[in-house]
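Written below as structure tokens is the structure these notes are about.
The values are calculated or read from the model by the stated rules, or taken from the named source; none is laboratory data. Everything numeric here is computed off the predicted structure, so don't read it as measured data. Cβ placement follows ideal geometry from the backbone for every residue including glycine, while neighbour counts extend to all protein chains displayed.
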Amino acid sequence: MVDTANTPSTLQLFPYEDRPGWKGYVEWEARPDRKEIVRELLKGKEFTPDPEFQFVPLPTTNPVLIGDRWKEYHEVVGLRSIVDVSWEVVQKEKADMIHLLDFPYNGETKREHLLEKLTDNKHHFVRNHGGVPDIDEDAFELEIGGFVHRSVKLSLKDLKDETKFPQSEVTVTIQCSGTRRIEQIQQYPGEGDDLINAPWGEGAIGTAVYRGVPLKKVLKHACGGVLPECEHLEFIGADTYFKKGEVYNYAVSAPWRKVRASEEVLLAWEMNGEPLPKIHGGPLRVVVAGYIGARSCKWVYKINALAEPSMGPVQQQEYLYYTSQIGKQNHKFSNGFSIQDMPVSSAILYPLDKTVVIHDGVINLRGWAYSGGGCWVERVEVSPDGGHVWYAVQPDDLTEKHYYAWRLWKIELPVDAEGWLEFCVRTWDSHCNTEPTFVRSAWNWDLHVTSSCHRIKVYSVNKSKPATAQRLQALESRGIPFMPLTKPLEFPLEDTQDYLASLRKYPREPKN
Ligand SMILES: Nc1nc2c(c(=O)[nH]1)N[C@H]1C(S)=C(S)[C@@H](COP(=O)(O)O)O[C@H]1N2
Ligand SMILES: [Mo]
């Protein structure tokens, strides 16, 4: 618990509005003095532990998890208003979501909203490591420095000036590397990070058309290019991130090689034709197409050209992919590889897991398929038997190809068998990559990148079978619903006469 007796004196320590028009922004990276004060304030204090949700079932509430600990961090340093304002933004911009974590806000898109090629801004998932800054467009400024020929400060007006920078519009799928993490958790619990590694299902992914300027053009035209020492571009966001008793601004990086090669590393201010919503990084964010969501820094106000990757904890200490033998006792920041390009993956959105499907020998399935790194989805295959027999989705049943976006798919799957069946999906991309077969094949301590074949269990009732059709009719004529599946039938399906006839024809015991 927070020792409130010690907090009032800290209330004025850090400004809620560090620059005029920049609410909810506090500069930490350029202020080691402030970082030191926070370190001292947090030292030795006890905070509410994070909720345990890996060894126990997830609550069915919405919000699912409550970030008490993170609210208390902000309270102790006198920044409680960041917590409150962030929740107000959620109410305004993201009312209709699965709120996985209330603060820092993590919101998952509901299944029905994943079935559109472009995800509506109000339904696109959100992953935050801190609060949501509220920065005036007119007051906003982007600073670029480090190993560039010329350090610059650019207003949003400068960036939007087409006589200075050519603009691009790109359809991009942003996927959190935690998508489908819940499947890893259900098999083997893993990293319980201080900032809760959200138990995402299939909805930490979304697709939008982003408008902005390619970063490489800005580096070229505004900064006169980068210096030979520049190998990485670091992006710093205006939000506040606590990690192990220290405070930071969110910082990540992407290699210069990626930025140079690609029009698709954008500084974006528009999402699906609308100004970038605050919760998605407005007024300006980076969009690193093809990479894990974490690199697409929101509220980016500073870019540094560096010789090495960012030392920000998100880049250095998180989003690492370990072997399945590396766990709590032996993981180091250097012995996992840094996840950048997203691998190929897919999900079945309908039918829902653990549902009953009454059908005529064909079940309709729908879902998404995506591959990062500029690879595109070539083929989606679905299996009705856990992965032995595979049926390919027909080309007409896939949405159009993009270099950096998902394809939605649908298929009419022939299904003869009844009872519990395991359906799964696997996708092949343009580089002939496909998905590991089982979660266990790709389980990793940080629970990232669940890219194994997505599996669901469906209870099949095939009414093209005469016996099944008759029984369903018998139920209907009595007004008895089939569901819920686990409720026993209210009447016997066989009368005594039929039973005895059958028994006499096929005796239970051998005759001799
Ligand atoms: N400044 C900042 N940028 C950020 C984050 C953040 O917490 N702060 N989260 C990252 C992560 S982990 C993901 S998956 C994406 C999510 O983008 P979205 O919230 O717009 O969907 O933003 C990334 N950019
Ligand atoms: Mo993420």
Q. Is there any pair with a first residue in region 309-325 that is crowded, with 18+ Cβ neighbours inside 10 Å and a second that is aromatic (Phe, Trp, Tyr) and assigned to a loop (DSSP other than H, G, I, E, B) whose Cβ atoms are under 6 Å apart and which are 6 or more apart or on different chains, and what are they?
A. Gln316/Phe333; Tyr322/Trp445
Q: Could you run through region 217-274 and say how many residues are under 30 Å from Asp194 (Cβ atoms), away from ligand 2 (no atom under 16 Å from the Cβ) and of a type in the set (Ser, Thr, Tyr)?
A: 2
Q: Only residues in region 485-501 that are farther than 26 Å from Val356 by Cβ count as the first member; pair them with residues that are modelled with pLDDT of 90 or more and part of a loop (DSSP other than H, G, I, E, B), Cβ under 6 angstrom, at least 6 apart or cross-chain, and list the lot.
A: none
Q: Would you point out which residue out of Ser155, Ser151, Ser168, Ser81 is hydroxyl-bearing (Ser, Thr, Tyr) and touching a Pro at 6+ places or on another chain (Cβ under 6 Å)?
A: Ser168
Q: Only residues in region 70-90 that are without any contact (Cβ under 8 Å) to a residue 24 or more places away in the chain count as the first member; pair them with residues that are crowded, with 19+ Cβ neighbours inside 10 Å, Cβ under 6 angstrom, at least 6 apart or cross-chain, and list the lot.
A: Arg80/His74
**Q.** Conditions (1) within 30 Å of Glu191 (Cα to Cα); (2) not in a loop (DSSP other than H, G, I, E, B); number of the one not met by Leu447
**A.** (2)
(Q) Return the residues of region 338-355 that are surrounded by 14 or more Cβ atoms within 10 Å (Cβ to Cβ), of a type outside the set (Ser, Thr, Tyr) and farther than 29 Å from Tyr321 by Cβ; say none if nothing qualifies. (A) Pro351
Q. Got a number for residues in region 169-193 being buried (at least 17 other Cβ atoms within 10 Å of the Cβ) and either of a type outside the set (Gly, Ala, Ser) or not in a loop (DSSP other than H, G, I, E, B) (or both)?
A. 15
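Rundown of residues vs (1) outside the structural domain of Ser451 (by TED's automatic domain parsing); (2) acidic (Asp, Glu); (3) more than 12 Å from ligand 1 (Cβ to nearest atom); (4) buried (at least 23 other Cβ atoms within 10 Å of the Cβ), yes/no style:
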| site | (1), (2), (3), (4) |
| --- | --- |
| Val76 | yes, no, yes, no |
| Asp96 | yes, yes, yes, no |
| Tyr105 | yes, no, no, yes |
| Thr119 | yes, no, no, yes |
| Val126 | yes, no, no, yes |
| Asp134 | yes, yes, yes, no |
| Phe140 | yes, no, yes, no |
Q: Sort out which residues of region 86-143 are among the β-branched types (Val, Ile, Thr) and in a loop (DSSP other than H, G, I, E, B), and write them in order of number.
A: Thr109, Thr119, Val132
Q. Within the set of pairs 6 or more residues apart or between chains, which connect a residue that is at pLDDT below 95 and within 7 Å of ligand 1 (Cβ to nearest atom) inside region 272-301 to a residue that is part of a loop (DSSP other than H, G, I, E, B) and of a type outside the set (Asp, Glu) with Cβ atoms less than 8 Å apart?
A. none
